[in-house]
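Take this structure first; my questions come after.
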Amino acid sequence: FPLITRKRKGYMDNQQPKVTDIEFGWVCGMFDGEGTAALLIRHHRNKRDNCTPLWAISGTDTPAVNHLTAILERAKIPHHVGWWQPRGYSKKGTAYRKAWTVTGSGLLRGSKFYPWILPGLYTKRERAQLVWEFICSRLNQPRMAPLTAHELDIALAVRRLNAKGQPEPGILPETGPRPPLTDAQRQERSESGKKGAEARWGDRALGSTTAR
């Protein structure tokens, strides 16, 4: 796959950048800290398995997402912005701030984003380089070609890097439905929940019956 050594895209002939170096570095920092480089593996029982490249950056600050999308638009990086409401409440009892995620999925979108951002990455560089290697491999094959063994190895390597210390992914055995809980088990879980709430929020959390 091509090594990313050339000057990043986004420059015009008169050497006036569409995206300044400061802006480019800011996006790279956002991706290193709050970004995700992934390959989504989908297993199908009666169809061929497929794998979709994905990149994402998440946050809660509105000026940040406005600045980010403005830079991506000038760099001609296709993207989608989604908003969602995190579950739960803060210690003060207020709902968590609404969050956003800027994403790009698919081979063609990934082929524009990864070579653009790779030269400025540090903490996410290894997994981003693997995703870019996968994209290059797929773009050099027929559209409906099955995944090669090497491509699957790349996808599993990216998954391991994103696992953050969790056990290596494997094939989980098929299991039947869980048996219903007994009254004693329900009581035990209720007491454990109360202890957790008391440890996190104090006694006042147990005295409130407000529906949330």
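So is residue 110 of a type in the set (Gly, Ala, Ser) and on the phi > 0 side of the Ramachandran plot or not? Walk me through how you get there before you give the answer.
Details: of a type in the set (Gly, Ala, Ser): yes; on the phi > 0 side of the Ramachandran plot: no.
So residue 110 does not fit the description; no.
Now a separate question. Here's a check for you: in the range 145-169, which residue that is open to solvent by 80 Å² or more (accessible area, probe 1.4 Å) and touching a Lys or Arg at 6+ places or on another chain (Cβ under 8 Å) is modelled with the highest pLDDT? Give the steps one after another, and end with the answer.
Taking the range 145-169 as the starting set, the residues that turn out to be open to solvent by 80 Å² or more (accessible area, probe 1.4 Å) are 146, 150, 153, 159-160, 164-168.
If we keep only those that are touching a Lys or Arg at 6+ places or on another chain (Cβ under 8 Å) too, we end up with 146, 168.
Working: 146: 88, 168: 46.
Ranking the qualifying residues of the range 145-169, first place goes to 146.
Would you confirm whether or not the range 85-98 contains a residue that is under 17 Å from residue 34 (Cα atoms) and hydrophobic (A, V, I, L, M, F, W, C)?
No, the conditions are met nowhere in the range 85-98.
Has the range 87-105 got at least one residue that is hydrophobic (A, V, I, L, M, F, W, C) and at pLDDT 95 or above?
Yes, there is a match, as at least one residue in the range 87-105 is hydrophobic (A, V, I, L, M, F, W, C) and at pLDDT 95 or above.
It is to be established whether one or more residues within the range 58-79 are closer than 26 Å to residue 160 by Cα, touching a helix residue (DSSP H, G or I) at 6+ places or on another chain (Cβ under 7 Å), open to solvent by 50 Å² or more (accessible area, probe 1.4 Å) and not in a strand (DSSP E or B).
Yes: the range 58-79 contains one or more residues that are closer than 26 Å to residue 160 by Cα, touching a helix residue (DSSP H, G or I) at 6+ places or on another chain (Cβ under 7 Å), open to solvent by 50 Å² or more (accessible area, probe 1.4 Å) and not in a strand (DSSP E or B).
Report, by residue number, each residue of the range 94-143 that is open to solvent by 30 Å² or more (accessible area, probe 1.4 Å), touching a residue at least 40 places away in the same chain (Cβ under 8 Å) and in a loop (DSSP other than H, G, I, E, B).
Those that are open to solvent by 30 Å² or more (accessible area, probe 1.4 Å), touching a residue at least 40 places away in the same chain (Cβ under 8 Å) and in a loop (DSSP other than H, G, I, E, B): 122, 123.
The values are calculated or read from the model by the stated rules, or taken from the named source; none is laboratory data. These figures come from a predicted structure and were not determined experimentally. Here the Cβ is made from the backbone with ideal geometry for all residues, glycine too, and neighbour counts use every protein chain on show. Surface accessibility is based on the protein's heavy atoms, side chains included, excluding ligands, DNA and RNA. Shrake-Rupley method; radii C 1.70, N 1.55, O 1.52, S 1.80 Å.
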